Amino acid sequence: MKINHKYVLATLGLGLGLLTGCTWDKVEPDVCFESEVLPIFVTYCSTPGCHNSIDREEDYDLTSYAGIMQGVTPKHVSSSEVVTAMNGFGEDHMPPNNYPQPSDGQIATIKAWVKSGAENTTNCSTVSCDTSAVVSFSVDIQPIMDNYCVGCHSGGNASAGVDVSTYAALKPHAESGRLQGAMLGDPQYATMPPSGNLLPTCYVDKINKWVAAGAPNN
């Protein structure tokens, strides 16, 4: 029997294409726990009375790697309670429906981290710490607020009545010194984030430079 080599090669190519196209065969992108995953849990899950290290009512402390891992099964999203709770409904949904919610992109980041093995990766931030350039509210400051603060401090239910979700809401706290004091752990103010884990020095330096420039809406 004469073998049609073109047919065989085409068939092999199709088979390889199907295999590489399977979602379970794709390699997940690298996700940094310290700079990408932990801030999501801190801002959306560690509000007073929830999953923090101070006054939590539940089992998990979601402000540390060890605490988060109590609800994570590495490489298995469907078996990881901290992830399935974000996709739950009714009373099983976390954060509760009347609280700010992580975005679809943030949940996808957590899922990618779990799929890749849920490692405690640190010192892997890609954020530039160069403070020699002009610090921008939209590029530098707002992302810090979104990642670390708005889970507690946004909207009508903002903790302690402090809303930092918009420029107009944040500026008075910057001008009064409350923002910098909270970020630096000044005893005059409640330390933020409430977990007690202060922001990276890089971020604090950017906030200080932005405030010193007059806290512009740039």
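The values are calculated or read from the model by the stated rules, or taken from the named source; none is laboratory data. Everything numeric in this text was worked out from a predicted model, so none of it was measured. Every residue, glycine among them, receives a Cβ derived from its backbone with ideal geometry; neighbour counts consider all protein chains shown. Just so you know, the surface numbers come from the protein's heavy atoms only, side chains and all, with ligands and any DNA or RNA stripped out. Shrake-Rupley method; radii C 1.70, N 1.55, O 1.52, S 1.80 Å.
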Original post:
In what sequence, largest accessible area first, do Tyr148, Tyr65 appear using a 1.4 Å probe?
Top reply: Tyr65, Tyr148
Original post:
How high is the relative contact order of the stretch 56-190, in percent, with contacts defined as C-alpha pairs under 8 Å that are six or more residues apart?
Top reply: 14
**OP:** Check the stretch 68-218 and count each lysine pair with an alpha-carbon distance under 20 angstrom, considering only pairs eight or more places apart or from different chains.
**Re:** 4
Original post:
Which residue, chosen from Gln70, Ile144, Ala213, occupies the Cα position most advanced towards the positive end of the dipole of the stretch 59-218, where the dipole is computed from +1 (Lys, Arg) and -1 (Asp, Glu) charges on Cβ about the Cα centre?
Top reply: Ala213
Original post:
P(r) of the stretch 93-195 in 10 Å steps, Cα pairs, percent per bin?
Top reply: 12, 38, 36, 14, 0
